[in-house]
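The block underneath contains the structure these notes are about, expressed in structure tokens.
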Amino acid sequence: QALQLTEMVIERVKSVFSGIIENTDKFKRMEIALTGLSGSAKTAADDFKFLIDLSRSAPFSIDALRDAMIRLRSTGIQDTHRTLIALANAVSAFGGSSEEFKSAVEAIAQMAGKGVVSMEELRRQLGQRIPQAIVIAAREMGITMQELFKRVESGQLNSLTFIQHLTEGFEKDFAGAS
């Protein structure tokens with residue numbers, strides 16, 4: 001019985017150390033990715049701290065948050081931290097999972113990458129993850145939903161302007177939700 005207990009303790013210790021090594025490796029890879037993205041060790045360190053802090057309040061995995069930051073930054077969104085917090089709060093407000101958060105981020109990234117907002121990203125991708133997104137965007141832009149749809153359909157809605165207004169609306173409506 002003592003031998004069996006000793007074996008169980010040894011296995012548990014192995015498991016703990018294995019988890020520590022795995023997490024250390026994950027954080028090292030994240031640090032490398034952030035440094036490569038920003039080109040600056042200081043910016044990468046700030047981003048790393050930001051992601052750790054955000055992971056303490058947001059109900060999403062650190063991997064989802066890291067991937068979101070990389071995706072948003074690579075599409076030219078300037079205030080990545082602000083946009084990331086606003087998206088995390090908005091998705092959290094509707095009980096979204098890490099996967100739903102990733103989908104919302106992907107919708108925003110696709111809009112930013114195209115330069116204009118399309119109905120596909122607005123209604124199907126973003127609207128399904130954050131049901132009030134369209135209403136909030138129209139309100140923050142000072143236009144009706146009909147006008148918003150007209151601008152989207154005509155290809156005249158600049159994505160970075162739209163994302164900025166959407167971020168402001170999410171901050172107003174969902175601050176502290178995650």
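The values are calculated or read from the model by the stated rules, or taken from the named source; none is laboratory data. Because the structure is a prediction, the values reported are computed rather than measured. All Cβ positions, even for glycine, are placed from backbone atoms using ideal geometry, and neighbour counts span all protein chains on display. Calculation scope for accessible area: heavy atoms of the full protein, side chains included, ligands and nucleic acids excluded. Shrake-Rupley method; radii C 1.70, N 1.55, O 1.52, S 1.80 Å.
Values for this structure:
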read-out	value
Among residues of the range 97-114, those that are touching a helix residue (DSSP H, G or I) at 6+ places or on another chain (Cβ under 6 Å) and not aliphatic (A, V, I, L, M), counted	6
Among the candidates R73, R139, R82, residue that is touching a residue at least 12 places away in the same chain (Cβ under 8 Å), under 25 Å from K150 (Cβ atoms) and not aliphatic (A, V, I, L, M)	R139
Residues located in the range 147-172, provided they are β-branched (V, I, T) and under 13 Å from I108 (Cα atoms)	T161, I163, T167
Residue tally, condition open to solvent by 60 Å² or more (accessible area, probe 1.4 Å) and either touching a Cys at 6+ places or on another chain (Cβ under 8 Å) or aromatic (F, W, Y) (or both), over the range 67-106	1
Count of the range 115-146 residues which are more than 22 Å from F101 (Cα to Cα), open to solvent by 60 Å² or more (accessible area, probe 1.4 Å) and touching a helix residue (DSSP H, G or I) at 6+ places or on another chain (Cβ under 7 Å)	3
Test set (1) surrounded by fewer than 18 Cβ atoms within 10 Å (Cβ to Cβ); (2) touching a residue at least 24 places away in the same chain (Cβ under 8 Å) - M111 fails condition number	(1)
Whichever residue in the range 147-178 is surrounded by fewer than 18 Cβ atoms within 10 Å (Cβ to Cβ) and hydroxyl-bearing (S, T, Y) and, among such residues, is nearest to E100 (Cα to Cα)	T161
Pairs with Cβ under 6 Å, 6+ apart, first in the range 154-178 and touching a residue at least 12 places away in the same chain (Cβ under 8 Å) and closer than 26 Å to S61 by Cα, second open to solvent by less than 60 Å² (accessible area, probe 1.4 Å) and in a loop (DSSP other than H, G, I, E, B)	S178/A58
Any hit, the range 25-33, residues being touching a Phe, Trp or Tyr at 6+ places or on another chain (Cβ under 8 Å), open to solvent by less than 90 Å² (accessible area, probe 1.4 Å), at pLDDT below 80 and not aromatic (F, W, Y)	yes
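Quick grid of which residues meet (1) within 25 Å of L166 (Cβ to Cβ); (2) at pLDDT 90 or above; (3) open to solvent by less than 80 Å² (accessible area, probe 1.4 Å):
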residue	(1), (2), (3)
A2	no, no, yes
R12	no, no, no
F48	no, no, yes
L65	yes, yes, yes
